[in-house]
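First comes the structure, then the notes that go with it.
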Amino acid sequence: MAMTATAIVPAAGKGERFGGAKLLAEIDGQTVLDRTLKCLFDAFIEHVVLVVAPGADYSSARWATDKRLRIVVNPDPSRGMFSSIQEGLRDAPGDPLVILPADMPFVSTSSVNAVINAAVLKKTIVLPVHAGHRGHPIAFPARCREAIVNAPASSTLKEALEATGEERIEVEVADPGILHDVDRPEDLTPPAP
């Protein structure tokens with residue numbers, strides 16, 4: 001049976017360093033959120049779980065109404081991004097599971113595919129690497145889900161994955177986008193190749 005990847009997209013942060021509403025900021029006529037979601041859909045991911053803060057409204061984003069997208073509310077996003085990942089994973093179908101923060105609009109579809117393909121082939125945790133640095137998206141087998149969901153709220157994804165005892169492998173990609181998140185307005189400029 002073929003495995004079907006599911007992506008979890010944490011999007012519950014306040015974007016305070018950006019000045020707020022960073023996911024609806026535009027890059028070449030597309031919002032940051034739309035670019036991130038489109039990258040995942042272009043990689044043929046059939047289920048995407050967008051984790052948002054209470055009261056968040058992304059209805060103006062083009063891909064926010066796609067039938068492959070499910071929105072989950074993190075009741076207390078002040079606990080940090082790992083809490084959003086936990087909320088998104090709670091009922092997420094799919095294997096492998098992929099994590100891509102919503103504020104990473106420059107990740108290429110080929111990088112997503114490389115990570116998923118390696119995760120399906122090796123059945124373990126896969127991290128993309130560019131210029132010697134690890135980035136996103138990260139993929140891991142569904143058997144890690146329960147351990148991550150039940151990890152202490154004070155954990156990071158890295159710590160929770162390490163605690164699973166699963167092997168971690170790296171996939172080299174020629175994509176500086178895997179390292180480039182949007183924290184400030186100047187980050188809306190694409191990374192240099």
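Which of the residues that make up the stretch 88-104 are touching a residue at least 60 places away in the same chain (Cβ under 8 Å) and among the charged types (D, E, K, R)?
D95, D103
V49: at pLDDT 95 or above, in contact with a Ser or Thr (Cβ under 7 Å, 6 or more places away or on another chain) and of a type outside the set (D, E, K, R), yes or no? Taking the combined requirement at face value, the residue satisfies it. Please state which of the following conditions V107 fails to meet, knowing it meets all the rest: (1) without any contact (Cβ under 8 Å) to a residue 60 or more places away in the chain; (2) under 20 Å from T31 (Cα atoms). Of everything listed in (1) without any contact (Cβ under 8 Å) to a residue 60 or more places away in the chain; (2) under 20 Å from T31 (Cα atoms), V107 misses just condition (1).
Which residues, taken from the stretch 33-74, are under 20 Å from G13 (Cα atoms) and part of a loop (DSSP other than H, G, I, E, B)? Within the stretch 33-74, A53, P54, G55, A56, D57, Y58, S59, S60, A61, N74 qualify. Would you mind stating whether V173 is within 25 Å of S83 (Cα to Cα) and of a type outside the set (D, E, K, R)? When the stated conditions are applied, V173 does not pass them. Mind checking which pairs have a first residue in the stretch 164-186 that is over 19 Å from A114 (Cβ atoms) and a second that is among the small types (G, A, S) and part of a loop (DSSP other than H, G, I, E, B), Cβ under 8 Å, 6 or more apart or different chains? Qualifying pairs under 8 Å: V182/A25; P185/G19; P185/A25.
The values are calculated or read from the model by the stated rules, or taken from the named source; none is laboratory data. The structure presented is a predicted model; accordingly, all values stated were derived computationally and were not measured. Cβ: placed from backbone, ideal geometry, glycine included. Neighbour counts: every protein chain shown.
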